[in-house]
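The values are calculated or read from the model by the stated rules, or taken from the named source; none is laboratory data. If you're wondering where the values come from, they're calculated on a predicted model, not measured in any experiment. Note: ideal-geometry Cβ built from the backbone for every residue, glycine included; neighbour counts use all protein chains shown. Each accessible area value is taken on the protein alone, full model and side chains, heavy atoms only, with ligands, DNA and RNA left out. Shrake-Rupley method; radii C 1.70, N 1.55, O 1.52, S 1.80 Å.
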Amino acid sequence: MDLNFTEEQLAVKEAAREFAEFELLPGVIERDEKEIFPAEQVKKMGEMGFLGMMVSPEYGGGGMDTVSYVLAMEEICKVDASCGVVMSVNNSLVCWGLEKYGTEEQKQKYLVPLAKGEVIGAFCLSEPEAGSDATHQRTTAEDKGDYYLLNGTKNWITNGNSASIYIVYAQTDKEKRHHGINAFIVEKDMPGFVIGKKEKKLGIRGSDTHSLMFTDVKVPKENRIGEDGFGFKLAMGVLNGGRIGIAAQALGIATGAFELALKYSKERKAFGVEISKHQAIAFKLSDMATAIEASRLLILQAANLKDDKKDFTKASAMAKLFASQTAMDVTIEAIQIHGGYGYVQEYHVERMMRDAKITQIYEGTSEIQKIVISRDLLK
Ligand code: CAA
């Protein structure tokens with residue numbers, strides 16, 4: 001694996017770093033406290049090309065590789081993980097699958113505005129009774145000839161109200177189990193589609209998470225993605241890539257908290273010296289930095305495999321499993337290093353700890369990542 005970044009990759013990272021510092025840092029505490037969706041910031045991310053980074057320029061995207069995407073994700077999430085998840089879902093779970101498996105008409109109509117960031121998308125797989133157990137979809141899509149009739153409820157949908165385009169998974173043929181699941185492109189204003197309540201969350205409180213209800217929604221046949229019954233394969237495929245993005249989000253949160261803790265430890269004095277001079281603190285910093293570096297390598301390995309068009313299923317699951325645990329461990333230690341200051345809003349690390357937790361849950365819990373890894377090892 002080549003660990004030397006190209007000039008383009010470094011330029012993308014620098015652009016994301018500057019954007020995060022100047023556009024995301026101001027107001028990040030208020031957006032978290034008041035659960036404000038970062039509409040203005042997301043619009044700017046779209047203008048800068050951060051919402052369709054890997055989409056080919058032919059469809060309005062940046063034509064970049066996965067390595068550039070994870071470098072940008074890390075920088076954005078160092079400062080604001082709520083903006084990071086909007087970016088991750090749009091890039092990995094919505095645009096990537098549409099470009100790879102959508103028809104030319106679907107790409108022109110939906111992918112182009114999504115990749116340009118003119119609108120954002122949502123990925124709708126989870127249900128009240130189907131989170132980890134995603135093959136058991138209760139939402140149904142009855143084949144009515146030239147349209148499907150969609151009925152059911154989706155839960156915990158990121159970009160739930162802010163999206164305009166929704167990729168919805170539903171069971172068409174129950175007998176065929178997961179081979180009878182389809183994925184559909186649903187527009188926000190289709191009759192019978194209702195946005196449910198906004199969830200009040202522990203972390204990533206700037207992002208809007210909703211339940212969605214579908215009652216007899218007529219989805220045109222041309223809005224199905226792929227062949228009949230391809231839906232579950234699509235979901236698993238995009239999640240494999242999405243997990244690299246969430247791992248990068250976790251890395252960004254961990255790095256952001258680490259940098260704050262390192263800086264603070266060199267300024268704060270206790271017992272006559274800077275606290276970094278106490279071995280108790282220095283050893284914490286060593287452990288944090290080591291886990292962060294290991295996460296980064298796992299993420300780059302997964303991104304490189306994906307860019308080289310090799311199997312990255314196990315690598316992305318390992319990257320997410322390790323980086324999300326690292327984000328949790330590092331943010332907790334960052335609070336500990338800050339002492340009482342770490343427990344209050346102004347120092348950012350308490351928010352980062354709350355934001356870190358979700359990286360162990362969404363796009364497949366840590367336990368699901370272990371299923372994916374062990375099945376690959378034992379196959
Ligand atoms: N990549 C590719 N294919 C995979 C796969 C993977 N990682 N994992 C499973 N599959 C395939 C299997 O090969 C199998 O296909 P075939 O039958 O054609 O061989 C099919 O999927 C079903 O797999 P299993 O028979 O192993 O079914 P299972 O029920 O035992 O396990 C599961 C399936 C792996 C647990 C799957 O349900 C899963 O990944 N669950 C987690 C779902 C998830 O990640 N949800 C995230 C929600 S989206 C989100 O969080 C977005 C957000 O808001 C940010």
> In nm, what is the difference between 0.36 nm times the number of residues separating residue 22 and residue 175 and their Cα-Cα distance?
Replying inline: 49.7 nm
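Any idea of the accessible area per residue across the chain, 1.4 Å probe, to the nearest Å²? Each step should come with its number before you reach the end.
On the way: 16580 Å² over 379 residues.
Averaged over the residues of the chain, the accessible area is 44 Å².
Quick one: order 156, 96 from most to least accessible surface, probe 1.4 Å.
Details: 156 130, 96 55 Å².
Descending accessible area places them as 156, 96.
Largest first, what is the accessible-area ranking of 365, 290, 140 with a 1.4 Å probe?
Values: 365 30, 290 95, 140 60 Å².
Per-residue accessible area, sorted high to low, gives 290, 140, 365.
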> Along the principal axes of its C-alpha atoms, what lengths does the stretch 131-250 span, in descending order and rounded to whole Å?
Replying inline: 43, 30, 22
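Could you work out the relative contact order of the stretch 156-287, using alpha carbon pairs under 8 angstrom and six or more residues apart, expressed as a whole percent?
Across the stretch 156-287, relative contact order equals 22 percent.
Quick check on the chain: what are the equivalent-ellipsoid semi-axes from the Cα gyration tensor, as sqrt(5λ), descending, whole Å? Before the final figure, lay out each step's value.
Numbers: eigenvalues 264, 86, 79 Å².
Working through the eigenvalues yields semi-axes of 36, 21, 20 Å.
With all protein chains present, how much of the accessible area of the stretch 96-198 (probe radius 1.4 Å) comes from carbon and sulfur, to the nearest whole percent?
Heavy-atom surface of the stretch 96-198 belonging to carbon and sulfur, 1.4 Å probe: 49 percent.
Give the total of Lys-Lys pairs in the stretch 302-379 with Cα-Cα distances below 14 Å; include a pair only if its members are 8 or more places apart or on different chains.
Working: 306/314; 314/370; 314/379; 320/357; 320/370; 370/379.
Value for the stretch 302-379: 6.
What relative contact order, as a whole-number percentage, does the chain give when Cα pairs under 8 Å and 6 or more residues apart are counted?
On the way: 758 pairs, mean separation 63.2, N = 379.
Relative contact order for the chain comes out at 17 percent.
Grab the DSSP H runs of the chain that are 4 residues or longer, score each as -39,500 (n - 2.57), total them, divide by all residues and round the 222 nm result to the nearest 500 deg cm²/dmol. Walk me through the numbers on the way to the answer.
Values: 12 runs with 177 residues, N = 379.
That comes out to -15000 deg cm²/dmol.
Can you bin the stretch 179-311 into rounded, prolate or oblate? Criterion: square roots of the alpha carbon gyration tensor eigenvalues sorted a ≥ b ≥ c, rounded for a/c under 1.5, prolate for a/b above b/c, oblate for the rest. Each step should come with its number before you reach the end.
Values: a/c = 5.19, a/b = 2.05, b/c = 2.53.
Verdict is oblate for the stretch 179-311.
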> For the pair residue 143 and residue 164, how long in nm is the line joining their label points, each one 7 Å along Cα→Cβ?
Replying inline: 3.2 nm
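Within the stretch 175-269, report the GluC sites (Glu not before Pro) that DSSP leaves as loop and that have at most 15 other Cβ atoms within 10 Å. Display every interim value, and only then the final one.
On the way: sites: 175, 187, 199, 222, 227, 259, 267; in loops: 199, 227.
Answer by residue number: 227.
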>> Restricting to DSSP loop positions (anything but H, G, I, E, B) with no more than 15 other Cβ atoms inside 10 Å of their own Cβ, which trypsin sites (Lys or Arg not before Pro) remain in the stretch 180-243?
In response: 188, 200
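Exactly which trypsin sites (Lys or Arg not before Pro) in the stretch 279-343 are in a DSSP loop and have at most 14 other Cβ atoms within 10 Å?
Working: sites: 284, 296, 306, 309, 310, 314, 320; in loops: 309, 310.
Those satisfying the criteria are 309, 310.
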> In straight Cα distance, which lysines are under 26 Å from residue 218, not counting same-chain residues fewer than 8 positions off?
Replying inline: 100, 107, 109, 144, 154, 174, 176, 188, 197, 198, 233
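Which percent of the accessible area of the stretch 284-361 is formed by carbon and sulfur heavy atoms (probe 1.4 angstrom)?
Working: 1960 of 3400 Å².
Result for the stretch 284-361: 58 percent of the exposed heavy-atom area is carbon or sulfur.
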